[in-house]
Amino acid sequence: MAEPNLVLIGYRATGKTAVGEALARALSRPLVDLDEVLVAEAGCSIAEMVAKHGWEEFRRREKELVHRFGREQGRVLATGGGVVLDPENVQVLRENGIIIWLKAPPAVIRERLRQDRTTGEFRPSLTGADTLAEVEQVLTQREPLYRQAAQVVIDTSGLLSAGFFGSPPGGSPTGPPSVRSLTAVRPACPSLPRTLRRSWPGAVPECSPTPLPAGSRIRWKFSPECSKA
């Protein structure tokens, strides 16, 4: 029986591609980065597409990819930051997948965007304002949609210091840590697939270890110590 997809959602620079690559390696699954597929099929960058045809064309192509890959199984899907703007996208992704929201505070997101040399090419402005300046505004609009769609919530704030995004403070790049770097605050949940539980072994509950009711969201946190294991 095929495992459900692991679908990563979240704002720009919250780690969807980096975490997706780590998950895919740990679980021996194919990774599909929807933005990368979209760019490859369109033959131009996201910035060029938006400048020429507007965000409407991007969303149309994105929706096609969601329908194509969301109906398959056993994959890790890294989605674009605005995939949750269309409720139909969320519905399709949930049919065969567990939706995992990767989140980080605005200051962390801005720093990652500042470090990423591909920001201009892959992340054109969403509002007409500067890409860094608009982070709070867009997050305010999107966070309720991420929260509503998510079945698992992961705070990736600590990934900056572990080398997912450029160099850690005062050091040199260490390369992506293992998936074990992400540990569960409350790991027990009937709805969490076995393969995902296996990817974060030794999780220590921050609060009560009491199992959550079926259908509850799980909250995860980043533990820098685990990346040393």
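The values are calculated or read from the model by the stated rules, or taken from the named source; none is laboratory data. All of these numbers come straight from a predicted model, not from anything done at the bench. Here the Cβ positions follow ideal geometry from the backbone for every residue, glycine too, while neighbour counts run over all protein chains shown.
Has the stretch 80-88 got at least one residue that is in contact with a strand residue (DSSP E or B) (Cβ under 7 Å, 6 or more places away or on another chain) and under 22 Å from V19 (Cβ atoms)?
yes
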If the requirement is being surrounded by 23 or more Cβ atoms within 10 Å (Cβ to Cβ), at pLDDT below 95 and among the aliphatic types (A, V, I, L, M), which of these qualifies: A51, A13? A13
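Among the residues of the stretch 156-166, what is the count of those that are buried (at least 20 other Cβ atoms within 10 Å of the Cβ) and at pLDDT 65 or above?
At the first step, the residues of the stretch 156-166 found to be buried (at least 20 other Cβ atoms within 10 Å of the Cβ) are 156, 158-160, 162, 164-165.
After this cut, where a residue has to be at pLDDT 65 or above as well, the list is 156, 158-159.
Total satisfying the criteria: 3.
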Which members of the stretch 5-60 meet the condition of being closer than 22 Å to P106 by Cα and without any contact (Cβ under 8 Å) to a residue 60 or more places away in the chain? G20
Inspect all residues belonging to the stretch 21-31 and state whether any of them is under 18 Å from the mean Cα position of the chain (by Cα) and within 20 Å of R112 (Cα to Cα). yes
Residue list for the stretch 72-104, restricted to those being under 14 Å from the mean Cα position of the chain (by Cα) and either aromatic (F, W, Y) or surrounded by fewer than 19 Cβ atoms within 10 Å (Cβ to Cβ) (or both): W101
